[in-house]
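Please read the structure below before turning to the comments.
The values are calculated or read from the model by the stated rules, or taken from the named source; none is laboratory data. Note that this is a predicted model, so its numbers are computed, not measured. Methodologically, a virtual Cβ is constructed for each residue, glycine included, from the backbone with ideal geometry; neighbour enumeration extends over all protein chains shown.
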Amino acid sequence: MKKLFIKNIKGKGRGVFCNQLIRKDETFEICQLIVLPTEDTDTLLSSHLSDYFFNFNKEEKTLALALGFGSLYNHAIYSNAAYVLNREQKTISFYALQDLPPNTEICINYGGEHGKDFKEWFESRNIHYTN
């Protein structure tokens with residue numbers, strides 16, 4: 001049985017949920033990354049696809065798309081999950097910050113820091129922000 005599934009959330013769109021208990025500190029998904037070359041960054045940032053990419057290397061201005069559920073997790077200031085990028089292996093690992101009971105939406109902090117307000121990201125995209 002797969003641990004994760006997608007569900008539509010009224011007023012929010014899609015979200016990633018677990019269908020069984022995920023324990024605190026458990027890595028529940030490791031996703032391969034598609035890293036785009038620097039010369040594609042400006043083009044991508046001007047499209048709606050940019051909402052699904054992670055900063056891979058800020059100095060090099062490269063972005064990465066996570067396969068699996070990786071690019072579909074919603075944002076929460078006080079998220080119940082976090083992630084770690086492995087630039088060498090070109091993967092992103094998601095792990096639980098607390099026990100996640102079945103049917104819990106799994107959210108990460110888009111700023112990469114638990115408790116960081118990322119309101120400007122939503123406002124710059126004209127997305128209604130609630131948290």
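Checking each residue in segment 76-87 for being exposed (fewer than 15 other Cβ atoms within 10 Å of the Cβ) and within 15 Å of Leu65 (Cα to Cα) picks out Val84, Asn86, Arg87. Given the condition in contact with a Ser or Thr (Cβ under 8 Å, 6 or more places away or on another chain) and of a type in the set (Phe, Trp, Tyr), answer yes or no: does some residue in segment 67-85 qualify? Among the residues of segment 67-85, at least one is in contact with a Ser or Thr (Cβ under 8 Å, 6 or more places away or on another chain) and of a type in the set (Phe, Trp, Tyr), which makes the answer yes. A count restricted to segment 1-52 and to residues that are β-branched (Val, Ile, Thr) and touching a residue at least 60 places away in the same chain (Cβ under 8 Å) stands at 6. Among the criteria (1) over 13 Å from the mean Cα position of the chain (by Cα); (2) modelled with pLDDT under 90, the one Asp51 does not fulfil is (1). Applying the condition of being in a loop (DSSP other than H, G, I, E, B) and touching a helix residue (DSSP H, G or I) at 6+ places or on another chain (Cβ under 9 Å) to segment 52-76 and asking which residue is farthest from Asp42 (Cα to Cα) yields Glu60. Being over 19 Å from Cys107 (Cβ atoms) and not in a strand (DSSP E or B) is the filter; apply it to segment 3-41 and report the residue that is farthest from the chain's Cα centre (by Cα). Looking at residues that are over 19 Å from Cys107 (Cβ atoms) and not in a strand (DSSP E or B), I get Glu39.
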